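Computed from the coordinates by the stated procedures, all read-outs in this text should not be read as laboratory data. No experiment lies behind these values; they were computed from the predicted model shown. Every residue, glycine among them, receives a Cβ derived from its backbone with ideal geometry; neighbour counts consider all protein chains shown.
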Amino acid sequence: MAFSRLAEEAVDFLAAQGHGTKGTDLFIGIRPPTPAAVVSVTQFGGEPPDSYLPFVEQVALQVMSRAATSKDAEEKAYDIFEELHGKGNLTWASHGIMTITAIASPGYVGREQLEGPDAYLWSCNYIVALRRETS
């Protein structure tokens with residue numbers, strides 16, 4: 001599995017659900033300096049493999065929401081939280097998603113310095129349980 005493939009599929013899913021446009025305000029792993037209001041999705045580690053469930057891989061996704069105001073960034077983070085947390089039995093392109101579980105509620109990360117006024121960041125991390133093909 002490519003490192004950012006799941007992140008790309010998550011961005012495609014969020015775009016299809018009306019949370020933005022890929023490459024305009026929804027990005028994989030990066031946050032360009034403009035526009036101020038963007039969402040980025042990054043795949044990272046996850047949970048250790050379970051020898052009793054070899055067909056399950058638990059990968060982590062981080063969804064960062066940035067906006068000109070903390071309130072706007074928080075609202076976007078919670079909109080996406082409502083879209084993802086607790087979902088299951090989905091198929092995203094090449095992945096069968098068993099469950100998506102937020103590790104915690106979205107939280108304030110801080111400010112990000114941009115070329116213009118600073119922007120505000122909110123983040124939420126998710127564990128995505130994927131169905132793996134076993135031999």
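Under the definition of Cα pairs under 8 Å and six or more residues apart, what whole-number percent is the relative contact order of the chain?
24
The stretch 84-135 has equivalent-ellipsoid semi-axes of 33, 13, 9 Å, by the square roots of 5 times the alpha carbon gyration tensor eigenvalues, sorted largest first.
Among 43, 58, 17, the largest mean-square fluctuation in a Gaussian network model of the chain, built with springs joining Cα atoms closer than 10 Å, belongs to 17. Loop-located GluC sites (Glu not before Pro) across the stretch 71-119 with a Cβ neighbour count of 12 or fewer within 10 Å are 115, with loop assigned by DSSP.
Once Cα extents along the principal axes in Å is worked out from the coordinates, which option in (1) 53, 25, 22; (2) 79, 40, 27; (3) 112, 35, 18 does it equal? For Cα extents along the principal axes in Å, the calculated option is (1).
Loop-resident trypsin sites (Lys or Arg not before Pro) (DSSP state other than H, G, I, E or B) in the stretch 1-102 with no more than 16 further Cβ atoms inside 10 Å of their Cβ: 87.
Full extension of the chain between residue 91 and residue 69 yields a length gain of 4.5 nm, computed as 0.36 nm times the residue separation minus the alpha carbon distance.
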